[in-house]
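Enquirer: Please see the structure below; I have some questions.
Only the coordinates and a few stated rules stand behind these numbers; no lab work does. All values derive from a computational prediction rather than experimental measurement. When we count neighbours, we look across all protein chains shown, and the Cβ atoms used for this are built from the backbone with ideal geometry, even at glycine.
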Amino acid sequence: MSATSDFYLKQAEKCESDAVETALGNVRERNLRAAAAWRTMADKLILTEQTREKRVADAAREAELRDKAAATA
């Protein structure tokens with residue numbers, strides 16, 4: 001199963017909700033730490049996805065330029 005940023009964000013929201021609902025301080029803190037970890041993982045995955053998309057777009061542009069250069073040569 002491949003994790004998605006939406007999955008990570010939903011997990012963070014659930015942890016935050018659980019933190020609000022509990023009366024126990026240690027459980028609240030644990031859930032808030034977990035939420036922060038889920039958000040960090042989501043942020044990293046989003047950045048990775050954006051970087052990959054940019055790399056693919058750059059490669060497509062370079063291939064197009066090579067094709068045009070080869071056609072005019």
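Enquirer: So how tilted is helix 5-21 from the main axis of the chain? Cα-based, degrees 0 to 90, rounded to 10.
Expert: The two axes meet at around 10 degrees.
Enquirer: Can you find, among 26, 47, 9, the residue farthest towards the positive end of the dipole of the stretch 5-72? Put +1 on the C-beta of Lys and Arg, -1 on that of Asp and Glu.
Expert: 47
Enquirer: At a 10 Å Cβ-Cβ cut-off, how would you order 72, 40, fewest neighbours first?
Expert: Starting with the residue having the fewest Cβ neighbours, the order is 72, 40.
Enquirer: What net charge is computed for the residues neighbouring residue 31, neighbours being all others with C-beta under 15 Å from the C-beta of residue 31, Lys and Arg scored +1, Asp and Glu -1?
Expert: Net local charge, residue 31 excluded: +1.
Enquirer: Starting from one equal scatterer on each C-alpha and no solvent at all, send me the Debye-based log10 I(q)/I(0) for the chain at q = 0.18 Å⁻¹, two decimals.
Expert: Here log10 of I(q) over I(0) equals -0.74.
Enquirer: Using per-residue counts of other Cβ atoms within 10 Å, averaged over each peptide, order 7-15, 42-50 from highest down.
Expert: Packing proxy ranking, top to bottom: 7-15, 42-50.
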